[in-house]
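K.L.:
So that we are looking at the same thing, I have put the structure below in structure tokens.
The values are calculated or read from the model by the stated rules, or taken from the named source; none is laboratory data. All figures in this text were calculated on a predicted structure; none of them were measured in a lab. Every residue, glycine among them, receives a Cβ derived from its backbone with ideal geometry; neighbour counts consider all protein chains shown.
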Ligand code: PLP
């Protein structure tokens, strides 16, 4: 049975008619507005109407206008086990039914929180020693930034190291510290200059746009390592706290994996100068790229690592910093504390959701499925879109794939941002007859120009789902560019 036929089983179709405030649904005896302008909620899109979602199950979202949408992105690569999972709902309810509404994690221990941390440490092949739980990826990055600073303060309080090196074409979150770290001009522009003026950027690792003709992986990597080394020298190697990178770049570039050997080369430069190597796996981690942690692909463990989206799969707001013994021991041998903490962190209900999601991923061997279906997704996307004149690059790993669109495939010239190409692809994709999500992004060419979309379905997709996703993606792309001319 095709995914759309399966979806129809879950949801009765209803007639719709246009309405000034969206679509009016005639659903038996009732009529309701199905697309809503957000009148009270301050969203990034201040004057926009959104389709109203009324339910979800597995890969599907059910809308008030009667449509069923195939969720091929799980938001921004969040829903790793799909929607409406009964086991997770039960685990969350069980915690709520204990009567514990809230526990300040700075004062109380709780079994489910302890179990989650144990489970997470177990997944790191002994490379990480402690877990710091937060409520979002941005908060995890803030905590990692402070932890890294504190490491060098503990060692030398009078002249601690002060500089961070991050990368262009990166996104680490929207809070001021995390955004200050990000090399994402479009998201940074309204908030310049940043409060943190100790973040410096080197180039991303983006072979599609940076690799010279015929350049091998090893010489490309050597070039990147030399650039990082030069930045250390420019700042003074003894002033650099850490280098921060996403092993597979998500929102900023659209699923760009590090070239083989890159992570090791960058880590070596950091360690040569006594600096920390930090990986942001908020989007690419927790199984998304076909290994539990993206760094396990080449076994290059960081000193600090953040995880988020796939940790709780969207069932609760939960993220974490994974901390190596190098960092933990420095703190233990110093002040013995991390002066940080937020009200909503390490809550039993967050931990219960994350723990159950992780147990499902482990029991159902879903990371292995990600690897297998990911290879198939690559094959299906290449078969349908590699020759398309406006698809410049198809790249990714696991179930994390990006399509970059270009005006000219030979020169790789991006489209005029005014054309909002990625948004057009998204709009077409979520509309009838396609009814499938894609995650749009801009800035993949030079920080201000460039369009891409991300596909990041749930880890338990089938071969049939993959064929469906690739076919719809292809049909959408063909339609959008046919219309653009
Ligand atoms: N880091 C990366 C790599 C991300 O992709 C994101 C979010 O997209 C964040 C950090 C911030 O996470 P959050 O939106 O949960 O604050």
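K.L.:
Just to be sure before I move on: is residue 263 part of a helix (DSSP H, G or I), under 21 Å from the mean Cα position of the chain (by Cα) and either more than 11 Å from the ligand (Cβ to nearest atom) or crowded, with 19+ Cβ neighbours inside 10 Å (or both) in the structure I sent?
P.N.:
Yes, satisfied.
K.L.:
Suppose the filter is more than 21 Å from the chain's Cα centre (by Cα) and closer than 30 Å to residue 320 by Cβ; does residue 348 pass it?
P.N.:
The answer is yes for residue 348.
K.L.:
Only residues in segment 128-156 that are under 14 Å from residue 334 (Cβ atoms) and at pLDDT 95 or above count as the first member; pair them with residues that are assigned to a helix (DSSP H, G or I) and more than 15 Å from the ligand (Cβ to nearest atom), Cβ under 7 angstrom, at least 6 apart or cross-chain, and list the lot.
P.N.:
Correct list of pairs: 147/327; 150/331; 151/327; 151/330.
K.L.:
Return yes when residue 301 is away from the ligand (no atom under 16 Å from the Cβ), modelled with pLDDT of 95 or more, farther than 30 Å from residue 451 by Cα and in a helix (DSSP H, G or I) and no when it is not.
P.N.:
no
K.L.:
Something else: Mind counting the residues in segment 322-352 that are under 26 Å from residue 92 (Cβ atoms) and surrounded by 19 or more Cβ atoms within 10 Å (Cβ to Cβ)?
P.N.:
9
K.L.:
Being part of a loop (DSSP other than H, G, I, E, B), more than 16 Å from the ligand (Cβ to nearest atom) and touching a helix residue (DSSP H, G or I) at 6+ places or on another chain (Cβ under 6 Å) is the filter here; which residues of segment 147-193 pass it? Please lay out each step first, then the result.
P.N.:
To start, the set of residues in segment 147-193 that are part of a loop (DSSP other than H, G, I, E, B) comprises 156-162, 169-175, 182, 184, 192-193.
This time we only want the ones that are more than 16 Å from the ligand (Cβ to nearest atom), so: 156-162, 192-193.
Across segment 147-193, the qualifying residues are 160, 161, 162.
K.L.:
In segment 175-206, what residues are surrounded by fewer than 18 Cβ atoms within 10 Å (Cβ to Cβ), modelled with pLDDT of 95 or more and more than 20 Å from residue 277 (Cβ to Cβ)?
P.N.:
Answer for segment 175-206, where residues must be surrounded by fewer than 18 Cβ atoms within 10 Å (Cβ to Cβ), modelled with pLDDT of 95 or more and more than 20 Å from residue 277 (Cβ to Cβ): just 175.
K.L.:
(1) outside any helix (DSSP H, G or I); (2) under 22 Å from residue 185 (Cβ atoms); (3) in contact with a helix residue (DSSP H, G or I) (Cβ under 8 Å, 6 or more places away or on another chain): which one isn't true of residue 411, the others all being true?
P.N.:
Looking at each condition in turn, residue 411 falls short on (3).
K.L.:
Return the residue satisfying two criteria in turn: it lies in segment 374-397 and is over 15 Å from residue 456 (Cα atoms) and surrounded by 16 or more Cβ atoms within 10 Å (Cβ to Cβ), and of such residues it is nearest to the chain's Cα centre (by Cα).
P.N.:
My answer is 393.
Quick grid of which residues meet (1) more than 30 Å from residue 119 (Cα to Cα); (2) surrounded by 24 or more Cβ atoms within 10 Å (Cβ to Cβ); (3) in contact with a strand residue (DSSP E or B) (Cβ under 6 Å, 6 or more places away or on another chain):
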| residue | (1), (2), (3) |
| --- | --- |
| 369 | no, no, no |
| 372 | no, no, no |
| 399 | no, yes, no |
| 424 | yes, no, no |
| 429 | yes, yes, yes |
| 436 | yes, yes, yes |
| 462 | no, no, no |
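K.L.:
Is one or more of the residues making up segment 477-484 surrounded by fewer than 24 Cβ atoms within 10 Å (Cβ to Cβ), touching a residue at least 24 places away in the same chain (Cβ under 8 Å) and in a loop (DSSP other than H, G, I, E, B)?
P.N.:
No, the conditions are met nowhere in segment 477-484.
K.L.:
So, residue 242, is that one more than 19 Å from the chain's Cα centre (by Cα), touching a residue at least 40 places away in the same chain (Cβ under 8 Å) and within 16 Å of the ligand (Cβ to nearest atom) or not?
P.N.:
yes
K.L.:
Quick one: is residue 214 over 18 Å from residue 271 (Cα atoms), within 16 Å of the ligand (Cβ to nearest atom) and at pLDDT 95 or above? Step through it out loud before you land on a result.
P.N.:
On the way: over 18 Å from residue 271 (Cα atoms): yes; within 16 Å of the ligand (Cβ to nearest atom): no; at pLDDT 95 or above: yes.
So residue 214 does not fit the description; no.
K.L.:
How about segment 62-82: which of its residues are in contact with a strand residue (DSSP E or B) (Cβ under 6 Å, 6 or more places away or on another chain) and in contact (Cβ under 8 Å) with a residue 60 or more places away in the chain?
P.N.:
Listed by number, the residues that qualify are 68, 69, 70, 71, 72, 73, 76, 82.
K.L.:
Further question: Could you say which residue among 292, 331, 322 is outside any loop (DSSP other than H, G, I, E, B), more than 12 Å from the ligand (Cβ to nearest atom) and out of contact with any strand residue (DSSP E or B) (no Cβ under 7 Å at 6 or more places or on another chain)?
P.N.:
331
K.L.:
Something else: Looking only at segment 247-260, which residues are free of Cβ contacts under 8 Å to residues at least 60 places away in the same chain and within 16 Å of the ligand (Cβ to nearest atom)?
P.N.:
Within segment 247-260, 247, 258 qualify.
K.L.:
Given the criterion surrounded by fewer than 21 Cβ atoms within 10 Å (Cβ to Cβ) and part of a loop (DSSP other than H, G, I, E, B), identify the matching residue among 214, 285.
P.N.:
The unique qualifying residue is 214.
K.L.:
Are there any strands (runs of 3 or more DSSP E) wholly within segment 42-146 with 1 or more residues that are within 30 Å of residue 164 (Cα to Cα) and within 16 Å of the ligand (Cβ to nearest atom), and if so which?
P.N.:
130-134
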